[in-house]
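The values are calculated or read from the model by the stated rules, or taken from the named source; none is laboratory data. In this text, all values refer to a predicted model and were calculated from it rather than measured experimentally. Cβ coordinates were reconstructed from backbone atoms using ideal geometry, including for glycine residues, and neighbour counts include every protein chain displayed.
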There are 2 protein chains.
Amino acid sequence: MTIESAIPEHLRRARTRHIRVPSDYAPPYPSYSARFQPAVSQVVMAYFGAQWRGDQPVDTVPEGIAASGHWDRATYVDERGYQTLLNVAYWDDIAAFDTWFANHGKAWTSPDRPHDGVGYFTEVLRPTVDRYETLFSAADRLEGIGVLAPELSGEIQEHAYWGGARDRIPLSQDNEMAPAGRSAVEVDGPVRRIRPADNVCVIRSGQDWTQTEADERRMYLEDVEPVLRAGMDFLRDDGLPIGCFFNRYVRVLDDAGTPADKSYGLSWWSSLAALERWAESHPTHVAIFGAAMKYLSTLGPAARLKLYHEVSVASADQQLFEYLNCHDSTGMLRTAR
Amino acid sequence: MTIESAIPEHLRRARTRHIRVPSDYAPPYPSYSARFQPAVSQVVMAYFGAQWRGDQPVDTVPEGIAASGHWDRATYVDERGYQTLLNVAYWDDIAAFDTWFANHGKAWTSPDRPHDGVGYFTEVLRPTVDRYETLFSAADRLEGIGVLAPELSGEIQEHAYWGGARDRIPLSQDNEMAPAGRSAVEVDGPVRRIRPADNVCVIRSGQDWTQTEADERRMYLEDVEPVLRAGMDFLRDDGLPIGCFFNRYVRVLDDAGTPADKSYGLSWWSSLAALERWAESHPTHVAIFGAAMKYLSTLGPAARLKLYHEVSVASADQQLFEYLNCHDSTGMLRTAR
């Protein structure tokens, strides 16, 4: 089996920084990265949220969101007990996104929007292709930004060790991706915007137990999921001091709006380094890692659970946040307190 | 609190390789490194073992071992059920060691030694000061090579993350420390010697529960030690495919020859990278890490358990192995099969 670099050939450049493993490193199990066309220079990951109190469901999407390359929906209850609907849409054509956003997307948090008791927020991340990486544990049924890629890599080398995410991001070849600046809230009537900092890190890390059965499903739901949830709750409630701006552990909805057997954690961090430190040494993630490792080593290649993530490190001009009638703990707003 | 680099000033040089953490990284708890005089250019860690079958104790040391800077003793039962006594001696003066070894130490595995049913082995590591690092969880009661250092550092920066050991070794500033060559056994009458490979990695990783009491002692012995032992057993019995040449989990003896409340794991690896991979991702060490983390986070700063280690990456000419009448699984001999 040939192993290839997660960094596609057209994004390789002279290194001033080394990867963390030897050149003959062979990962203990396979993983894959999405391969985008060389013509793609930048992608968009746009989150459109609606938050409300009470049991009355809110079912709303930005107008024309189907014009995106791919989108999905999820729900969660946030730290203040608000129901939240999260529409996420992906583009691999920045001009198409800009046009769509000016015509439709911008209205999501428009101050002219009638006040219907619902809070709306828009969180957009638009990393250039050297600033994100994707990882899939299985070669079928991609999720997130990966759905837009025409193909998947072969087995990649840079995974299954701490620091792999950094090594998969092309910019890491010659850039430390150190954070710079400090995000701040700007109030504009009923809308609050964030002035972003540089090199903020975002991870969508997903779990798909659709194909698990019997013992495997029970093991996932009873032995792994509660540990994952505890870690997600920790990040949501107590993550700020360790650099986690906010965290949402969400349940994906299927096309009919019914909860699917899929979830993901979405967290924004002050830096990739802060995410690395939590992942590799905080008791809550060490517990998640231990539970997942026990699960996967018990099941071996028979495991049907699918895992994936996408990690971006965005410059200040690649981020946009707008909050309309949202409570003060919503997303980046809580970093201002 | 000022944080200092584990690499002493006189060993710093222009970097071509970066450390794994940002320059403002602050470890979550303190650790310390031994500080040697700048005049010390090379040290010696010399292991003199005696192995036998049966209950009759063997109590023997190389002649004049007290001329070393520091030495201690330990026992263990090896994978074939042999009782083993391990004398370890440290020097910070290579010329003094060479003289002593020629006059006394060499006799330990001399073919002229009367055959008394006991196997003898000598394993010497003599790294230059840019090729090892030490780490102590507490600032008092040093162990191992650290005993020879006149002082301890203040709180160091490069620890409490995966890759810290590499970052503490001065040579890592501009050298990957990649393994080269392959060790081989050479037979010379009753003595077997090893032709060493380059950049072999050695760790002595110790535990000292002398000062623990009541609940802490119980937690260490019941919750942590069995997990540590399982990991040590794995490395001893099944470590070879992942690059662990051999592993010994030993109990330290006090001056009277009685087991002290101290143990250490001593393992030799094909490379520092192989040790890093096991430590950070193998289920047996993830379990050790998880158990230790739970223990330390439960106790907080009140913990009286002391942990330390010394890690060396030795070039081929900094290693010496001789085995006299030892069984085929002893130390490096097992790598030849």
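Couple of notes before you dig in:
- Residue check: A:Ala74 meets all listed conditions (1) at pLDDT below 95; (2) buried (at least 17 other Cβ atoms within 10 Å of the Cβ) but one, namely (1).
- Among the residues listed as A:Glu133, A:Glu158, the single one being within 14 Å of chain B (Cβ to nearest Cβ), closer than 27 Å to A:Pro283 by Cβ, out of contact with any Ser or Thr (no Cβ under 6 Å at 6 or more places or on another chain) and crowded, with 22+ Cβ neighbours inside 10 Å: A:Glu158
- Sole residue being acidic (Asp, Glu), under 29 Å from A:Tyr295 (Cα atoms), within 17 Å of the chain's Cα centre (by Cα) and modelled with pLDDT of 95 or more, chosen from B:Asp233, B:Asp238: B:Asp233
- Test: residue in region B:165-175 that is surrounded by fewer than 17 Cβ atoms within 10 Å (Cβ to Cβ), without any contact (Cβ under 8 Å) to a residue 60 or more places away in the chain and among the charged types (D, E, K, R): no
- Tabulated pairs, region A:109-127, first of a type in the set (Gly, Ala, Ser), second not in a strand (DSSP E or B), C-beta under 6 angstrom, 6+ apart or interchain: A:Gly119/A:Asn325; A:Gly119/A:Cys326
- For region B:209-247, the set of residues classified as out of contact with any Lys or Arg (no Cβ under 6 Å at 6 or more places or on another chain) and among the β-branched types (Val, Ile, Thr) consists of B:Thr210, B:Val224, B:Val227, B:Ile242, listed by residue number.
- Applying the criterion of being closer than 13 Å to A:Gly243 by Cβ and within 14 Å of chain B (Cβ to nearest Cβ) to the residues of region A:176-212, the residue that is nearest to the chain's Cα centre (by Cα) is A:Cys201.
- Of A:Ala287, A:Ala316, A:Ala273, A:Ala302, all but one fail to be small (Gly, Ala, Ser), within 28 Å of B:Ser297 (Cβ to Cβ) and surrounded by fewer than 20 Cβ atoms within 10 Å (Cβ to Cβ); the exception is A:Ala287.
- Which listed residue is over 17 Å from B:Pro283 (Cα atoms) and not β-branched (Val, Ile, Thr), from B:Arg217, B:Arg236, B:Arg229: B:Arg217
- Scanning region A:117-130 for residues that are among the charged types (D, E, K, R) and closer than 24 Å to A:Phe246 by Cβ turns up A:Glu123, A:Arg126.
- Test: residue in region B:161-170 that is assigned to a loop (DSSP other than H, G, I, E, B), touching a Lys or Arg at 6+ places or on another chain (Cβ under 8 Å) and on the phi > 0 side of the Ramachandran plot: yes
- Leading residue by the ranking (modelled with the lowest pLDDT) among those in region A:261-319 that are basic (Lys, Arg) and in contact with a Lys or Arg (Cβ under 8 Å, 6 or more places away or on another chain): A:Lys306
- Among the residues of region B:186-205, the one identified as β-branched (Val, Ile, Thr), more than 24 Å from B:Tyr249 (Cα to Cα) and in contact (Cβ under 8 Å) with a residue 24 or more places away in the chain is B:Val191.
- The helices (runs of 4 or more DSSP H) found entirely in region B:216-329 that carry 2 or more residues being in contact (Cβ under 8 Å) with a residue 24 or more places away in the chain and more than 14 Å from every other protein chain (Cβ to nearest Cβ) are B:225-238.
- Filtered by the rule that a residue be β-branched (Val, Ile, Thr), closer than 29 Å to A:Tyr76 by Cβ and at pLDDT 95 or above, region A:8-59 gives A:Val43, A:Val44.
- Residue match in region A:319-337 (condition: buried (at least 23 other Cβ atoms within 10 Å of the Cβ) and more than 18 Å from A:Arg195 (Cα to Cα)): no
- The number of residues in region A:9-49 being away from chain B (no Cβ under 14 Å) and free of Cβ contacts under 8 Å to residues at least 60 places away in the same chain comes to 4.
- Sole exception among (1) without any contact (Cβ under 8 Å) to a residue 60 or more places away in the chain; (2) surrounded by 15 or more Cβ atoms within 10 Å (Cβ to Cβ); (3) out of contact with any helix residue (DSSP H, G or I) (no Cβ under 6 Å at 6 or more places or on another chain) for B:Trp100, by number: (3)
- Residue check, B:Val40 over 16 Å from B:Arg168 (Cα atoms) and surrounded by 14 or more Cβ atoms within 10 Å (Cβ to Cβ): yes
- Criterion: at pLDDT below 95 and under 15 Å from the mean Cα position of the chain (by Cα) - qualifying residue of A:Leu135, A:Leu142: A:Leu142
- Residue list for region B:4-15, restricted to those being within 28 Å of the chain's Cα centre (by Cα), assigned to a loop (DSSP other than H, G, I, E, B) and surrounded by fewer than 15 Cβ atoms within 10 Å (Cβ to Cβ): B:Arg12, B:Arg13, B:Arg15
- Meets criteria (within 22 Å of A:Thr258 (Cβ to Cβ) and touching a helix residue (DSSP H, G or I) at 6+ places or on another chain (Cβ under 8 Å)) for A:Val88: yes
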